[in-house]
1. Using r as the Cβ-Cβ distance of Tyr617 and Thr372, and R0 as 51 Å, what FRET efficiency do you calculate, to the nearest 0.05?
2. Which trypsin sites (Lys or Arg not before Pro) in the range 452-490 sit in a loop by DSSP (not H, G, I, E or B) and have at most 16 other Cβ atoms within 10 Å of their own Cβ?
3. For Ile663, enumerate residues with amide H under 5 Å from its amide H, sequence gap 5+ or separate chain, H modeled in the peptide plane.
4. Less than 11 Å Cβ to Cβ from Trp222, Lys/Arg counted +1 and Asp/Glu -1: what total charge do the surrounding residues give?
5. For the chain, which cysteines have no second Cys with its Cβ under 4.7 Å from theirs?
6. Obtain the nm distance between the two label points defined at Thr147 and Glu505 by a simple spin-label model: each point lies 7 Å from its Cα along the Cα-to-C-beta direction.
7. Step through the residues of the range 42-47 one at a time and calculate ³J(HN,Hα) from phi using the Karplus curve (6.51 cos²θ - 1.76 cosθ + 1.60, θ = phi - 60°), rounding each to whole Hz and writing x for Gly and Pro.
8. For Ser103 and Glu570, what is the calculated FRET efficiency with R₀ set at 51 Å and r taken between the beta-carbons, to the nearest 0.05?
Amino acid sequence: MKRILVIALAVLSMMGRVYADEGMWLPMFVERLNYVDMQKMGLQLTPEELYSINHNSLKDAIVGLGSSPRPTGFFCTGEIVSEHGLLFTNHHCGYGSIQKLSSVEHDYLKDGFWAKNYSEELPAADMTASFLIRMEDVTKDVLGVVTDDMDWAARGRAINAKIKELQEAASENGKYNPVIKGFFEGNEYYMFVYQVYTDVRLVGVANSSIGKFGGDTDNWMWPRHTGDFSIFRVYADKDGNPAAYSKDNVPLTPKHHLPISLDGVQKDDFTMIWGFPGSTERYMSSYGIDYNVDTFYPIIIDIFGKELEVMDEFMQKDDAINLMYADNHAGLANTWKNFIGQCTMLRKNKVSEAKVKLENNFMLWVNRNNKTEYKDALSNLKEAYSQMGKVAKYVYYPNFISQMGPTGKAAAFMGYYTAATGDDKDMKEAAAMELQAMNVDSWFAESDPQVEHKMFAEMLKLYRKAFAEEELPEFYSNVIDKKFKGDIDAFADYVYENSIFATPESIKAFIAKPSAKKLKKDYAFQISQQMTDVIMQAVPQYRASMTATQENDHIFVKGLREYYAEMYPEKSLYPDANSTMRMSYGSVQDYMPADAVHYDYVCTANGILEKYVPGDYEFDAPKRLIDLIEKKDFGPYADENGDLIVCFLSTNDITGGNSGSPIMNGKGELIGLAFDGNWEAMSGDVNFEPRLQRTINVDARYVLFIIDKYAGATNLINELDIRKSEPKPIREEEEVPAE
Ligand code: ARG
């Protein structure tokens, strides 16, 4: 019996190579590293059709979404789907822009928006779309400046200076935005040259009750029934070059656009996803994992959880507040749930334990081969994380909490206070002058005084709970306890009545007549000062440990690559995600989330009816959608059983930043948009879990159904390049015989 099992396992693990698809690969190496594998699995394109710098290729339809002034800090991915620059991304990626374009009267998050023609499209001032022109290995140039006598900080400075120089040279006088990034913890460097388009316009979006159906309850979960897509368009000047918004701009004619397939998905079908994954930690040591799980994540969960509680209370009863905080809330909720999931699943999937095994084997190899360079990396990491763990609390709690409400505003006056209480007369005058330039109104934009007031009080309570009495800044005992009998709500009310920093008017009045004495007496300012002191005391230690983790991660990963090359030469390593273009490939697959539980790889619109709760904050759905589903009026978008597939699962390896990425079949046609990962594999950013890890995609047919049948946006359906293969005969002999 046993023996058979061993063989069966070996076979399984060989199949695993074909089906379980770990790795976010750099497209420029596709031919060397992945092509044969991909072809075996069902890819029908040539390497040149995937990535080429001389010809148009698939990469030219993949877009990094950013916002100025850092357009290449991609938060999501988009793909071009028509000859006229039409762009698909997720609903949750367009969310912030759509919020900014909305008002309570025209709430496009709540009600959706569909432009009937170009002239109705709305400029999304803060969205940019970057196309990758080329990428190249610049490791030799960058690391060429490093000499043996440099310490880690000097090394960093030399590298950054070189990076700046190379980026400038490649920008061709501002035509391109080149970005150089470190890979494998600074052991390799690559340059990515982008062309950045800044005139991007909103074309279509469904109501949030479709685009965010299931809300935060369903977020990070399967089965999922969210129509997570929104539609934008990239505009250019008449010559196709990037240009700031202008009426005269025209839709971009792209080098490549993705056709959309109506064929749908079957289990085992080949899938590939291209996009801009943000960050993974696949080479993190067990010490880093333990620090995150035991120290860092719990702090953030504590703070964000309370912030969300306060926001929820007001958002759910007030439309204006709901709209105002929509994007902020969604971002916090997403990270909060992600960190809870990571803590749970890193433990449950025993990721740290697996790393300890790897680290033990690594050390055996180090000692056996006398690799002195790598000898101390792990023990140094252990020490660095232990030091960081001791101070993290004193950095994060005051840092987040002192940014809230009036304390956050008071912090902006710290520089003035220092100058005003010093002896340098010129400095004093300069500091008072600087106050005039403050854009006070902008500090209060997108914030509601009731929410901020409550948040301020709740955060002060949270802080008190997180620390021992003797560790609290002295305003707790001197002011809150002595003058307000420990009643934080009463204290917060007092601050909101009396502090300079409670309203824009009082801040402006102060700026008109600034005085260090008044500042010193202001409670919000005192809190800000005292919390800053807490942070400043912890910062040197925190920074030193941070530097030590970076330096030793660099050495550890260098050693690990050598270890793998010697011990497992058949294994190719892929670099961690770092917001650069990657390709991941896999297949459509179901999974078993727990013993005896089987999750199908597709879900249908029937699930929307099952989850539907009229009037609910998360599970309401538009009446029109419910009617269409009940009538099974799905048009050409139904599957072979007459059902409407909403989302499907694949084994592709993705992470945050990939949101909005196209998932494509072997012909490079769009079959859906990737938008999430699944709960059971929330540990996936640190360790890929082949058995459990899945990408959640919204099916292209559901997207088209919403555009066409739900919204009636036939103008867009006509613009898209929609394809359907001829149905294949089931058996040869069933073909109609020729006359
Ligand atoms: N989990 C998704 C991601 O990280 C975001 C989903 C947003 N939806 C939400 N309910 N907050 O890309």
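Coordinate-derived values only; no laboratory data. Computed from a predicted structure; not experimentally measured. Cβ atoms come from the backbone with ideal geometry, glycine included; neighbour counts cover every protein chain shown.
1. Values: r = 60 Å, r/R0 = 1.17.
The pair Tyr617/Thr372 has a calculated efficiency of 0.30.
2. Those satisfying the criteria are Lys485.
3. It is Ile671, Gly672, Leu673, Ala674, by chain and number.
4. Values: positive: Arg224, Arg694; negative: Asp218, Asp590, Asp600, Asp676, Glu680.
Around Trp222, the surrounding residues sum to -3.
5. Cys343, Cys603, Cys647
6. 6.4 nm
7. Calculated HN-Hα couplings, in order: x, 6, 10, 8, 8, x Hz.
8. On the way: r = 59 Å, r/R0 = 1.15.
According to the calculation, E is roughly 0.30.
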